[in-house]
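Written out below as structure tokens is the structure these notes cover.
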């Protein structure tokens, strides 16, 4: 749709140029004494106008290209949204604290109460530290699509519908222009039994009235979530039918009374399990918030199990939370051709999935180095590409026959030399159907290794004519977007043992990635983790004692790894723009 409009925009910009001859004609009608100067001025002015118009056309053309790329990127994020209620891998990289408050009143009676002065201090800290409060709807969209958030996002939630939420919170929200979520249990609306000193009885506190709520929801800063009908202490102890009434009746009452759609649920006291989540789903909610009584179990939003159990932090950890807030890396710009993306800046990311910590670097252009002997990964980066590579990991497997040998298991082609070295025939036979990694200036291929076809330069060129790098990896961890089952590893030694692991591959957004695990893990589980991390294809590299990742001159593993002769690295696009295509020389 944008492309079709561009010719019209250009035509509108070019139209003034059509008037240039008329300008010249008008100036040439000046008195004869002024003819020469006017004519010269006409030519000069025409040249200036032409230059300005050409520059403007180029600027608008670039703006349309940027707009098209942004539109394609965001549209792609929606089209590639995670399967509900799963959280998108891109969103797991962000760190979004969802803060949970309860009552706000001048005198605190329990530790989770907050005074108006303390809440205003929190709002002021948000402002001073450059955080951006976002709505729950915006957070949920981000969690399912990976769409980027502001640089430092935070979500504010207030439970139980206390009168102080209208008296103090609503006023502060309007003053600071901060959105917030209020979770309401309908049986408590308008109930003002007892006084605030009877604090151990939740229902002893004054609550919001329907009039309060109607005034609040008229303001777009306010979101309302269901908190059940009666606020039961543990939904898990109720029958299915009882839970359904709590979920359905509260939703219907809030929608009927307030004239809005209620899309999110907040578990009373945070109590839930798979059965309760299923019933929440069946009741028509799009997501749900939890709480944990043990602060050690509290989660940032992207660390949550799924959209039906989004974690929150208690307000007592507010100051810690604001130091962690990060909206995650931007989505890579979409390509019109769907080609590989080797033009993004290199970024380091740390994340934990299924209790396994990962250190990953993504972006840039992939390059491999086959050294003359064994070194630490960072030494190889320093020696062979003059520190141009920003990140690198231990690469393919190598022979341990000699201490200083650089003999690889299988054929190898390193971009540092452009020389193809065939694998030993005795080794190659056992590598059949393992992933042969082929890297070119603009693409990457993973093909099953065939010892009869792929042990010559001509053989790998038949697969990729402009190949610059090649080696045989241990096994696919993720193949065409699918984690590999145990049977896919065949006779690979110790694939099911728990070890530190090294991997590299291509993400679903077509960027190269390298990484390591910092806890021991088996190969099958790692494949599932990497698929959740967003990898479309991933292969296992030299692991165990060789597991190593260097980033910007520093090793990021907490031990001294075994030296290796081969590295898979990421370099900025400009650093390897002159990469070598394999020459005809083979070394035997």
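Since every read-out is calculated from the coordinates, none of them should be taken as a lab result. All values derive from a computational prediction rather than experimental measurement. Cβ coordinates were reconstructed from backbone atoms using ideal geometry, including for glycine residues, and neighbour counts include every protein chain displayed.
Taking a ≥ b ≥ c as the square roots of the eigenvalues of the alpha carbon gyration tensor, the stretch 89-324 is rounded, as a/c is under 1.5. On the basis of the beta-carbon distance and an R0 of 35 Å, residue 305 and residue 343 show a calculated FRET efficiency of 0.50. Label sites at residue 234 and residue 426, each approximated as a point 7 angstrom past Cα along Cα to Cβ, lie 6.5 nm apart.
Net length available on complete extension from residue 218 to residue 128 is 29.6 nm, with 0.36 nm assigned per residue and the Cα-Cα distance removed.
Cβ-Cβ distance of residue 373 and residue 295, R₀ of 41 Å, FRET efficiency by 1/(1 + (r/R0)^6): the value works out to about 0.20. Working from label points 7 Å from Cα in the Cα-to-Cβ sense, the residue 458 to residue 574 distance is 4.2 nm.
Listed peptides 239-249, 550-560 appear in the order 239-249, 550-560 once ranked by packing, highest mean of other Cβ atoms within 10 Å at the front.
Taking 0.36 nm per residue of separation and subtracting the Cα-Cα distance, full extension of the segment from residue 555 to residue 520 would add 10.8 nm. A straight line joining the Cα centroids of the stretch 338-384 and the stretch 139-158 runs 28 Å. Computed on the stretch 347-576, with alpha-carbon pairs under 8 angstrom and 6+ residues apart, the relative contact order is 32 percent.
For the listed peptides 220-227, 293-300, 157-164, a ranking on the average number of other beta carbons within 10 Å per residue, highest first, reads 157-164, 220-227, 293-300. Applying 1/(1 + (r/R0)^6) with R0 = 30 Å to the Cβ-Cβ distance of residue 86 and residue 112 gives a FRET efficiency near 0.45. Here's the picture: a label point sits 7 Å out from the Cα of residue 404 along the beta-carbon direction, and within the stretch 552-573 the residues with their amide nitrogen under 20 Å of it are 562-567.
Given the Cα-Cα distance of residue 498 and residue 350 and 0.36 nm per residue of separation, how much length would full extension add, in nm? Value of the extension gain: 51.3 nm. Using a cutoff of 8 angstrom between alpha carbon atoms and counting only pairs six or more residues apart, the relative contact order for the stretch 89-324 works out to 22 percent.
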